[in-house]
1. Among the residues of region 149-200, write down those that are within 29 Å of residue 126 (Cβ to Cβ), basic (Lys, Arg) and within 23 Å of the chain's Cα centre (by Cα).
2. Quick check: anything in region 177-192 part of a loop (DSSP other than H, G, I, E, B), under 23 Å from residue 39 (Cβ atoms) and touching a residue at least 24 places away in the same chain (Cβ under 8 Å)?
3. Which condition from (1) closer than 20 Å to residue 309 by Cα; (2) among the acidic types (Asp, Glu); (3) buried (at least 18 other Cβ atoms within 10 Å of the Cβ) is the one that residue 386 breaks?
4. Of everything in region 202-218 that's under 17 Å from the mean Cα position of the chain (by Cα) and outside any helix (DSSP H, G or I), which residue is surrounded by the most Cβ atoms within 10 Å (Cβ to Cβ)?
5. Just give me the residues in region 51-107 being among the charged types (D, E, K, R) and either touching a Cys at 6+ places or on another chain (Cβ under 9 Å) or modelled with pLDDT under 95 (or both), in sequence order.
6. Cβ-Cβ below 6 Å, separation at least six or inter-chain, first residue in region 69-86 and farther than 11 Å from residue 332 by Cα, second of a type outside the set (Val, Ile, Thr) and crowded, with 20+ Cβ neighbours inside 10 Å: which pairs?
7. How many residues does region 219-256 hold that are over 21 Å from residue 363 (Cβ atoms), in a strand (DSSP E or B) and under 16 Å from the mean Cα position of the chain (by Cα)?
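The values are calculated or read from the model by the stated rules, or taken from the named source; none is laboratory data. The structure displayed is predicted, hence computed values, not measured ones. With ideal geometry, Cβ positions are generated from the backbone for all residues, glycine too; neighbour counts draw on all protein chains shown.
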Amino acid sequence: MDICKTCKNKLYCGKKGCLIYSKLLGLKTNKLIEGNKDFFGDVPNIFVGRYGYPDIRVGMLSTEEYMGNDNTKLWIEKKFDIDKIISLRSLMINSTFNVSVKTKNNRFLETSQEIALSKKPVDVEINLDKVPKFGIVNPQREAIPFGPSVKLMKASICENPKIPMKVEKVVSDSDLKAVDAMSYLSKNGYDEHYLTKILSSGSVGVKTQRKLVPTRWAITAVDDTLGKGKIRKIKDFRSSAFKIHFGGYMGNYYIALFFPGVWSYELFETYVHSSEYCTDYENYDGRKEYASATAGGYYAARIGLLEKMELSKEQASVLLLRFITDEYYAPLGVWVVRTAVRKCMESDVLEFDCREKMIEHALNFIKQRFTYDAQEMIKNSLLIKEIKEQRKLFEF
């Protein structure tokens with residue numbers, strides 16, 4: 001069983017079992033609806049599994065009628081709610097085949113790569129092993145949930161995929177590293193969702209080292225790669241003032257405390273009805289290990305902070321506190337985290353003349369807004385501890 005994106009199955013809600021995960025797993029219509037075994041459909045994306053690695057399962061996420069089922073920008077712009085998004089995602093069939101990550105010559109893999117590189121959904125003739133039954137949603141860690149998984153028997157592309165020239169450029173460059181390809185495409189306006197498709201398909205990187213990357217890993221790799229690039233850039237910027245941003249999306253609320261000084265970052269995550277939390281931290285030199293407590297959300301949240309600092313040409317030590325409310329009753333993937341932090345950074349800023357006043361304001365605000373006592377977070381913050389020690393050394 002996979003785990004809940006809200007608290008990683010640590011049961012911060014105090015329940016005996018994960019109700020959020022169970023609700024998404026069991027979301028269904030009153031009656032399972034049978035689809036078509038053979039159909040012409042739009043395929044906007046692929047899903048690369050990780051179980052059994054390096055021998056894994058890859059799926060073409062297909063739908064008979066594309067209605068923005070894989071368009072996070074549309075969902076945000078049109079303010080789709082959780083039910084609407086789940087409804088769209090439940091209609092996506094994961095048409096699967098088995099393959100090794102280093103496989104080169106495989107017709108299904110080649111088709112999947114063309115789909116992944118295309119900026120728009122690709123019209124594909126799909127033939128499945130059996131009739132798909134819609135109604136149940138399959139939740140994924142970090143990735144967006146989708147509908148039924150059915151073995152793929154045949155797939156034929158019926159149109160030329162719309163692959164941008166800049167994407168073709170990095171794919172054809174056999175000496176370009178994957179991290180450099182991601183950075184180049186990001187600077188040219190391609191978002192994390194599209195970059196994840198490209199990276200997971202094994203289409204970029206040094207030719208001899210190319211391989212499929214499980215979608216969950218690719219999401220984090222893209223966020224981490226882009227984040228590290230921005231960190232290198234902001235380290236040359238001036239120091240920020242004491243200031244706070246607050247905002248959120250779909251029941252995921254963030255309060256960001258900016259402390260003057262060099263770059264460092266700490267994330268706390270909690271469910272508002274629990275005193276438990278998880279946290280990860282990095283100092284100026286960065287992390288050497290994966291942020292296992294907060295997982296992919298750590299890297300996704302960091303992107304929004306760095307974008308703000310890049311825009312304002314400043315750096316700071318940032319304490320980011322995430323409060324998850326009952327509004328977020330079904331996990332939808334870390335794109336929600338990116339969106340929530342970006343909205344937080346777009347909010348009006350409050351500035352303070354000292355650390356103590358800023359922390360006091362944050363604690364009072366959190367108490368009033370969420371009826372939550374965040375004193376333990378502040379007390380156990382490695383970032384604040386580091387700031388205090390630096391001040392003592394300076395005074396000494």
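1. Within region 149-200, just 197 meets the criteria.
2. no
3. Going through the list (1) closer than 20 Å to residue 309 by Cα; (2) among the acidic types (Asp, Glu); (3) buried (at least 18 other Cβ atoms within 10 Å of the Cβ), residue 386 breaks only (1).
4. If we filter region 202-218 for residues that are under 17 Å from the mean Cα position of the chain (by Cα), which is where we start, we get 213-218.
Adding the requirement that they be outside any helix (DSSP H, G or I) leaves 213-214.
Values: 213: 24, 214: 22.
Only one residue fits best here, namely 213.
5. 64, 65, 81, 83, 84, 89, 102, 104
6. 69/88; 69/92; 70/44; 70/45
7. 1
Here is a yes/no grid of residues against (1) assigned by TED's automatic domain parsing to the domain that holds residue 265; (2) in contact with a helix residue (DSSP H, G or I) (Cβ under 6 Å, 6 or more places away or on another chain); (3) over 27 Å from residue 52 (Cβ atoms):
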site	(1), (2), (3)
169	no, no, yes
178	no, no, no
203	no, yes, no
209	no, no, no
213	no, yes, no
218	no, yes, no
